[in-house]
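The values are calculated or read from the model by the stated rules, or taken from the named source; none is laboratory data. This one's a predicted model, so the numbers in the text were calculated from it and none came from an experiment. Cβ placement follows ideal geometry from the backbone for every residue including glycine, while neighbour counts extend to all protein chains displayed. Note: accessible area is taken over every heavy atom of the protein model, side chains too, but ligands, DNA and RNA are not part of it. Shrake-Rupley method; radii C 1.70, N 1.55, O 1.52, S 1.80 Å.
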Amino acid sequence: MSAPSTQARVSPELIVLAGCLIALITFGPRASVGLFQIPMTTEFGWGRDTFSLAIAVQNLLWGVGQPFAGAVADRFGAFRVLCAGAVLYALGLVVMANAATPGVLHLGAGVLIGFGLSGCSFNLVLGAFGKLLPEKWRPMAFGAGTAAGSFGQFLFPPIGNVLIDSFGWHQALVIFAGSVLLVMPLALALATRPGAAAQASAANVPNQSIKQALTEAFRHRSYVLLVLGFFTCGFQLAFITAHLPAYLRDAGLSAAVGGWTLAVIGLANAFGSLGSGWLSTRMSKRWLLAWIYFGRSLAIAAFVLLPASPLSSIAFGIAIGLLWLSTVPPTSSLVMLMFGTRYMAMLYGFAFFSHQVGGFLGVWLGGELYETYGNYTLVWWLSVALGVASALINLPIKERPVERGPVLQPAE
């Protein structure tokens, strides 16, 4: 498939609109995954650890594939990567819909969706925004793209509940698969000419190779701290997405409460992400990240300590939703500030890999410790502790471009 050369004629408004729709569409089904845990495990007699392992693999492979997808997008443009990711994602949902054994579930929900997300999720959209948009558009566009993904989380869980009740969980997944394929026509607006990424680079390092960029990044203390702190974001979000509906069912609440709580998280995060993008241009990004992580710990601790009820669940959804993906605009902005835009998708991809390692452990430990102890208490409190740790980790970050000599050696 050939990528059209649209960079010169697509307006910033259209680029942002298409990117936001892609983020919305791709985030929705994976944010609704917790709705399928109880129907699937009940039908096939699996433990929650079986379902959790599939979603944990998904999170891990999403992270593994992200730097490679980012590197390809940096080199050849986002169009091909977005289309390939959408096909894999849709195929994974179809395989998951027809999974009758744990192995097939792990292939569909884990491997295919995981690699599919690495190619078509909002991370690729943010990388495209960094290259295609004027500098003054970027911070708010990062917030808008993240907020759009969150709005997908608001829309899809209630729709998922209706589809499961009306057609069964198998058909609900197939319908979700069809929606993901809408990414392909939308990706046209994010197409770039080969080499356009390098021309748009704000890093002013025309001959820097991928190896040189990675060496520079991982020797930069502030980047390493940023990557380490992002681990907690993935741990908390993946655990809540996969296990919150089941946690609320265990507390005697209906499936609808779980679905609406996930939806409220998505809606609140749309506002939180936009606010974070706005604040990223007006205050210290490291302090913004520290307050977000600390705020999450407070919200989780309050939720665990209070008796579970529809009111406390929705209140938690609002509180954690405002902080849900609000880490993304300051994190992506810091990567761009430190290193420029030439390898932004790849370098943000490595930060996101740390995020997804956290996601893998959050989902997997949730299932394993539930099967061992019969509850999620230990994982909730681990989430609180990690939030405090990440708040402290982000404080020493230096918010300035990496120091470079006047000329780098030409790339081979």
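For the residues PHE156, PHE230, the requirement of being modelled with pLDDT of 90 or more, assigned to a helix (DSSP H, G or I) and touching a Ser or Thr at 6+ places or on another chain (Cβ under 7 Å) singles out PHE230. Could you please give the count of residues in segment 371-385 that are part of a helix (DSSP H, G or I) and open to solvent by 40 Å² or more (accessible area, probe 1.4 Å)? Of the residues in that region, 8 qualify.
Residues that are open to solvent by 30 Å² or more (accessible area, probe 1.4 Å) and at pLDDT 85 or above within segment 337-370 comprise LEU337, PHE350, PHE353, VAL357, PHE360, LEU361, TRP364, LEU365, GLU368, LEU369, TYR370, listed in sequence order.
Of all residue pairs spaced 6 or more apart or on separate chains, those with beta-carbon atoms under 8 Å, a first member in segment 100-120 that is on the phi < 0 side of the Ramachandran plot and a second member that is basic (Lys, Arg) are ILE113/ARG30; LEU117/ARG30. Quick check on segment 316-331. Is at least one of its residues aromatic (Phe, Trp, Tyr), part of a helix (DSSP H, G or I) and either in contact (Cβ under 8 Å) with a residue 12 or more places away in the chain or open to solvent by less than 10 Å² (accessible area, probe 1.4 Å) (or both)? Taking every residue of segment 316-331 in turn, at least one turns out to be aromatic (Phe, Trp, Tyr), part of a helix (DSSP H, G or I) and either in contact (Cβ under 8 Å) with a residue 12 or more places away in the chain or open to solvent by less than 10 Å² (accessible area, probe 1.4 Å) (or both).
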